[in-house]
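I have placed the structure first, in the form of C-alpha cells, so that the comments after it can refer back to it.
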Amino acid sequence: MLKALSEFLINNVVFSIFICLALGYAIGKLRVKSFSLGATVGTLVIGLIVGQAGIFDISPVIKDIFFNLFIFTIGYEVGPAFFSSLKKSGIKLIIHSVFFSACSFTIALILFKTFGVSPGEGAGIVAGALTHSAIIGTSSSAILNLPGLSQADKNAMEAQVAVAYALTYVFGTIGVVIFLKNIAPKLLGVDLKEATKKKVESINYKLDSSEKTIINTIKMRAFNIGEGSVYIGKTVSGIEKQYDYRLTFEKIFREGLEVEVSQDFQFREGDVITLIGDLLSMVEFEEAHLQETAEKKYLNIILQRQDIVLTKVFQQSHIDDCSANNIIIVSALRAGHPLEDIHNMRKGDTIRLVGPMNALNKVVKEFGYARNTGIDTDVSFMSTGIIIGLLVGMLTLIVYNIPITLGAGGGVLFLGLFFGWYQSRHPNFGQIPASARWFLKSAGLNTFIAVVGITAGASFVAAIQSMGFTVLIIGAVISIVPHIISLYFGKYVLKLDAIDIIGGQCGGGTITAGLNAMTDETGSSIFAISYTPEYAVGNILLTILGPLIIVLLM
C-alpha cells in the first residue's frame, strides 16, 4: 500500500505539490495560544513528509518561476517605503536596521566558522533564526550557480537549507517575540506601557485618529423650484459659484425624469433638484420660493468610493472642503501604510474618499488625480521588471579574484524595489492590486517551498542526523544576540527612545509577529512608525545574507 502511494506521488508531481499547499496552509493556521507555524513552515513540513516517498524528478524551472514572482512582489511592495526612508528624517532608523543585519551576519559567520557549519546548514539556520523565508530562495539560487559541484551535492546542500530552516524557525519566532515584549524593555530600563504612553503624548500621536476622519451626517435635501423663484433661468455653475461651491447638485429632474447634471444646465419652473451642502448655505438657498420634498426617488443618492493621489495642488484647507461637500475621508496612506493623522498628508500620499459622485468629481481636482483602483494586474509591467532583474543578476564583478554578483533573486528584488517606487510615483501605471500581491507573495513563495521540501525529503533523515543539537543552539544565539546588541546600539549610539528601538527591531528583523505582540501588549500601534522604514531595509539586507553565507563557507 505504501509502495503504491509512493509511486503515485512520485509519478504525479503536480498532485504532490498541491497536496503540500493544501495541507501546509491548513496546519499553518493551527494556533497554540498566540503562536502558529504559518503557511510557509507548514508547507515545508508537509513537503518533507511527502518527500519521504522517494526521489522526485521536478524541474528547477518551477522553483525559479514562482520564487521570482515572490521576490519581485516583495520588492514592489517595500520599494516606496524603502526609498522614502532614505530621507534624512529617518536616517537613524535606517542605520539601526543596517546595524542589526550586519550584526546578525557577523555573529552567524563567526559561529559557523567556529563550529564548522556547512554552507547549506548555515543558510538554513540564518533563514530560520531570523524567520526570513526569502533567504531560502536566494540561497537556492546561489547553490545552483556554484561551480565544481555535482547535481547530487547541490541537492544535498538544498536539503540542508530546508532542514536547518525548519529546525530553527520556531525559536526564531517565539523566542524573539518573548524577548522583545518581556526582556527588551527591562534591558532598556523602561516600563513598556508607560513608555508607550509618554511617546504618544510627546508626538501628539492620535490613537483614535481613524474616528476623527469621519465627518458629520450627510446634509442632503430635495426642492421643487416654484413659480417666481430667483433660480429660474440660472445655471448649475452659477448657483454653485454664488454659494462659494458649498452646495453641489447631485440630481436634477424635469417633468418627472432624471436628467444629466451639467454645469451649463439652466433651471425652469417645476424642476426638482437634489442638493448636498453645508447647513448654512442650505438654509439660505431654500428661502426663494422653493418647496421641499421628501420623495424617496429624489433622495436616493448612491455613494461612490475614490482613491486620490495627492499632488502639489493639495492644501490642508481642502480637507474642510470634503466636509462641506459631504464627503467622508475614509483613510490616508503613505507608501501603502496608514497615516494616523490626515493633517500630516503631503504630495504622493493616497487618500480614500467616499461620497456622492458629483461632489467627488468637484473635489478631486483640489487634491490631485483619481487613482486607478481596478482589479487588473499589469502583467507586462511585472514581467518586464523580472526580465531586467534576471539580466542584472547575471552581471558579475571580479574583486581580488572573488566573483561578486546579485544573482537572480537579488537582481529581481532590486528591480522590484525600483518598479514599486516608480509605480507609487505614477499610480495609474503598472498596478498590482493588493489581492494579487498577496497571492504572488504567498503562493509564489510556498509553491517554491513545497518543491524544496519534496526534493529535500529523501535526504531529510540523514541531514537531521548529521546536524544534531548544535544547530538549535546556534540558531537560538543568532535569533537573540543581534537583538541584544542592537538594543544598546540604538540607545547609547543613536540615542533612540525605547519605542523606536523595539518597533524598529521588529522591522529590521522582519518579524511582524513581534509588531503584533507589541500592539496587543500596549493597545497602541505607535510601534509601526519605526517598524515601517526598518522593515523596508531589513527585507533587502536579510535576503542577501543567504548567498553571502553560501559563498563564504565554501
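The values are calculated or read from the model by the stated rules, or taken from the named source; none is laboratory data. Predicted, not measured: the structure shown is a model, and the values here were computed from it. All Cβ positions, glycine included, derive from the backbone under ideal geometry; neighbour counts span all protein chains shown.
S209 satisfies every condition listed in (1) among the polar types (S, T, N, Q); (2) touching a Ser or Thr at 6+ places or on another chain (Cβ under 9 Å); (3) at pLDDT below 80 except (2). Of all residues in the stretch 1-54, those satisfying the criterion of being in contact (Cβ under 8 Å) with a residue 12 or more places away in the chain and among the aromatic types (F, W, Y) are Y25, F35. Within the stretch 249-266, the set of residues being in contact (Cβ under 8 Å) with a residue 40 or more places away in the chain and farther than 8 Å from V236 by Cβ comprises E250, K251, F253. Annotation: S34 fulfils all but one of (1) of a type in the set (S, T, N, Q); (2) modelled with pLDDT under 85; (3) under 20 Å from A162 (Cβ atoms); the unmet one is (3). Scanning the stretch 114-135 for residues that are of a type outside the set (F, W, Y), within 22 Å of F469 (Cβ to Cβ), in contact (Cβ under 8 Å) with a residue 24 or more places away in the chain and part of a helix (DSSP H, G or I) returns P119, G120, E121, G122, A123, G124, I125, V126, A127, G128, A129. Candidates are the residues of the stretch 377-398 that are farther than 21 Å from F429 by Cβ and not polar (S, T, N, Q); the one that is modelled with the highest pLDDT is L391. On the stretch given as the stretch 399-424, residues that are at pLDDT below 80 and not small (G, A, S) total 9. Sub-9 Å Cβ pairs linking a first residue in the stretch 177-198 that is assigned by TED's automatic domain parsing to the domain that holds A476 and closer than 17 Å to G514 by Cα to a second residue that is of a type in the set (S, T, N, Q) and in a loop (DSSP other than H, G, I, E, B), at least 6 apart or interchain, are V177/S34; K193/S524; T196/S524, ordered by first then second residue. In the stretch 437-474, the qualifying residues are those that are of a type in the set (S, T, Y) and buried (at least 21 other Cβ atoms within 10 Å of the Cβ), and the one that is nearest to A108 (Cα to Cα) is S459.
Do you know which residues across the stretch 439-490 are more than 28 Å from the chain's Cα centre (by Cα) and under 22 Å from V176 (Cα atoms)?
F469, T470, V471, L472, I473, I474, V477, Y488
Remark: G453 falls outside the filter, which requires a residue to be of a type outside the set (V, I, T), in contact with a His (Cβ under 6 Å, 6 or more places away or on another chain) and assigned by TED's automatic domain parsing to the domain that holds S141. Taken as a whole, the stretch 463-484 holds no residue that is in contact (Cβ under 8 Å) with a residue 40 or more places away in the chain and assigned to a loop (DSSP other than H, G, I, E, B). Consider the stretch 17-55 and keep the residues that are more than 30 Å from the chain's Cα centre (by Cα) and in a helix (DSSP H, G or I). The one that is surrounded by the fewest Cβ atoms within 10 Å (Cβ to Cβ) is Q52.
From the list L487, L445, L440, the one residue that fits, being at pLDDT 85 or above, under 25 Å from G137 (Cα atoms) and in a helix (DSSP H, G or I), is L440. Residue under question is R352, and the condition is that it be under 30 Å from T274 (Cα atoms) and modelled with pLDDT of 75 or more; does it hold? It is true that R352 is under 30 Å from T274 (Cα atoms) and modelled with pLDDT of 75 or more. Entry remark, the stretch 120-142: residues being more than 19 Å from A156 (Cβ to Cβ) and under 21 Å from the mean Cα position of the chain (by Cα) number 5 in total.
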